[in-house]
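Novice: My structure is below; once you've seen it, I'll send some questions.
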Amino acid sequence: MRKAAVPILIFLVATTFVVFRREVLGDIWLRLNEVPRVALLPLALAGMGMVFARGMFLAACSPGVSVRQAMMADQSALAAGYGIIIGGGVVGTGMRIHMFNSWGIGHPTIASSIIATAVMPSFTTWGLPSVLLIGPVVRGTATFEEQLAVVVGVPLIIVSLVFWWLALRTPYVFTAVARVTARCRVFLLGKDSLRFKRLRRIVERAEPVSFSIEMRKNLVQLLRDRWKVIFAASFGTLAAGFLCLWTSSVVFQVEGLTISEALVVFSLVRVVIALSPIPGGVGLAEVGLIVLLEGAGVSAVDAAGTTLLYRFLTWFAPTIVGSITWWRYNHTYLRAPDN
């Protein structure tokens, strides 16, 4: 029953929208039929720009990986994270590790890449609304949702910066985590059951303390050598995501939405997706984006239509592209003579 909770929630959200917004869906369908086919080209370009920007970011965080390889790994992992309800993120990370291993990337480099790609988006997710809304919050003109994003985001960013400054300045943070891992290793090796035989062989080969030290060195070297490129690439993914939202609103011919309002809506919906326990924020992201757009003065039809186009670019399309990419990778990799 617990595994079925997420699909049931998604189904309930979709059913509620269909039942109570039938007229809105009908108007959206009519509006989409009236959109010229040539107007779909900007949508395609925006989606391709998002794929390229994410690939650039992963390549910046992964020395030895080309942009083409990074796009393949990122889209495959994204498809798993979005398409698999339970444990999709873990499966996606495993797929990326498998692809990096097949390309000859070392384990410490893979670990530092995973850490860097996980940390930087969290800073931009909370940093963007904090920067945009700190003025309205100070002046007292911000809404409750905007105040909440700043009140939670600013302390979270400060704590994260302090943690990573200590972790990169001194080895004690990583070694402390490694010692906990080593104790778990000892516990696992103490098991006598034959069911743990294969796991024991894996654990016996692992050296968590030395691996954490090596990983920390790689992470420090990565940030020292590439922090400018990583920051620029992270900002590029942010700009590509906003371009998808703005292009969706332009193609749907939304009225009454300014760029500044769209930027605030985009920053807040990223927070909703980050806080959502559902992979990709399915259901909650759509409802949240519609509510935020309507709060910015957009009509219900325009808000729902823009949301459908935007989520098509950022959720549905990556699921399809990533699935095809993973199939092609397996097809070529398994047929290679050396593999």
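Novice: As a footprinting exposure proxy, order LEU245, LEU284, LEU40 by other Cβ within 10 Å, with the fewest listed first.
Specialist: Details: LEU245 25, LEU284 19, LEU40 12.
Starting with the residue having the fewest Cβ neighbours, the order is LEU40, LEU284, LEU245.
Novice: So what are the ³J(HN,Hα) numbers for segment 57-69, from phi and the Karplus equation (6.51, -1.76, 1.60; θ = phi - 60°), rounded to whole Hz, Gly and Pro as x?
Specialist: 5, 5, 5, 5, 8, 10, x, x, 9, 6, 5, 4, 5
Novice: Could you put PHE242, PHE235 in order, starting from the residue whose Cβ has the fewest other Cβ atoms within 10 Å?
Specialist: Fewest-to-most Cβ neighbours within 10 Å comes out as PHE235, PHE242.
Novice: In addition: Between ALA239 and VAL151, what is the spin-label point distance in nm, taking each point 7 Å from the Cα along the Cα→C-beta axis?
Specialist: Those two pseudo-labels are separated by 3.4 nm.
Novice: Where in segment 251-331 are there chymotrypsin sites (Phe, Trp or Tyr not before Pro) that are in a DSSP coil and have at most 14 other Cβ atoms within 10 angstrom of their Cβ?
Specialist: Of the chymotrypsin sites (Phe, Trp or Tyr not before Pro), not one in the loops of segment 251-331 has a Cβ with at most 14 other Cβ atoms within 10 Å.
Novice: Determine, for PHE100, PHE231, the number of other Cβ atoms within 10 Å of each Cβ, and report the residues in order from fewest to most.
Specialist: PHE231, PHE100
Every number here is computed from the coordinates shown, using simple stated rules; none is lab data. Because the structure is a prediction, the values reported are computed rather than measured. FYI the Cβ positions are ideal-geometry reconstructions off the backbone, even for glycines, and counts take in every protein chain you see.
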